[in-house]
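The values are calculated or read from the model by the stated rules, or taken from the named source; none is laboratory data. Quantities reported herein were computed from a predicted structural model and do not represent experimental measurements. All Cβ positions, glycine included, derive from the backbone under ideal geometry; neighbour counts span all protein chains shown.
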Amino acid sequence: MTTWESGPLRPEHELEGFDCTDEVLNNWLVHAARRVNDDGLLRVCVWTAPGSPAVKAYYAVMPHAVAKADLTSRQAKGSDPVPGYLIAKLALHRDLHGDGLGGELLLDTLENVVQAAGTGGGRLIVVDAISDKAAGFYRHYGFKPVKLTERRLVMTIADARMSLGMSSLTVSGDRRLALATVMYRRPDGQEFPFVGDADDLRRIADRIEEIAVAREASGGEGAIDLVAVMVDVLGRDPFKP
């Protein structure tokens, strides 16, 4: 089984020959993706096989906002318009159809959006389905139609975070007091703060560097669990009362 590598669109990626069976999506990748990505209009991420530059799947995301009047009461909480992110494109090469990888591609997209929202804010994830079949695909993963059309669907960032089981950490500092606050947000949205001094943070940073160096030397991969590192360094869970 191939493990697909996911990452931002880069100059070395090979776009020609991509075929998801939809000519509009094929042509957009080949003729427009690099330009709009380089111009900062949206961000394009791709899947490739290890060691290959050929793109086998892609998605594109951009900031977006939806008027409250277009949304249900649950969807419309917050400011007007409601800020969020639009999944502008999502396509899987025809060779990968039928293996459930479309769902994995969507989950990869949601994970990146949730991470972006952790620093940039936003409440909704929006998608405009290209067909009734595509709309059914998004509904299967928890998207809900807006009031005016069955093909425009939304999911809240909070629901995406819950479905992915994702937590997030936000760090802010006070140089004058040599303190930093780490805010831990659980998948259910609950927040737990930890305030540490410069020595705490230095020891945590040193431990992260040790783990990263060891992984690089062994060829290991994967994200470093910062909460676990903090527990190890501090000798306690800093996010428990």
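Points worth noting:
- Looking across R35, R43, R74, one residue alone is modelled with pLDDT of 95 or more, more than 14 Å from the chain's Cα centre (by Cα) and assigned by TED's automatic domain parsing to the domain that holds A158. It is R35.
- Scan of region 32-50 for residues that are among the acidic types (D, E) and either part of a loop (DSSP other than H, G, I, E, B) or crowded, with 16+ Cβ neighbours inside 10 Å (or both), ordered by number: D39
- Filter result for D99 (surrounded by fewer than 16 Cβ atoms within 10 Å (Cβ to Cβ) and either modelled with pLDDT of 95 or more or among the charged types (D, E, K, R) (or both)): yes
- Filtering region 122-146 to residues that are surrounded by fewer than 18 Cβ atoms within 10 Å (Cβ to Cβ) and closer than 15 Å to L86 by Cβ leaves D128, I130, A134.
- Y58 vs. criteria under 30 Å from V182 (Cβ atoms) and assigned by TED's automatic domain parsing to the domain that holds G17: no
- Once region 162-202 is narrowed to residues that are surrounded by 15 or more Cβ atoms within 10 Å (Cβ to Cβ) and of a type in the set (K, R), the residue that is modelled with the highest pLDDT is R185.
- Per the conditions (1) modelled with pLDDT under 95; (2) surrounded by 13 or more Cβ atoms within 10 Å (Cβ to Cβ); (3) not in a loop (DSSP other than H, G, I, E, B), the sole criterion not satisfied by Y58 is (1).
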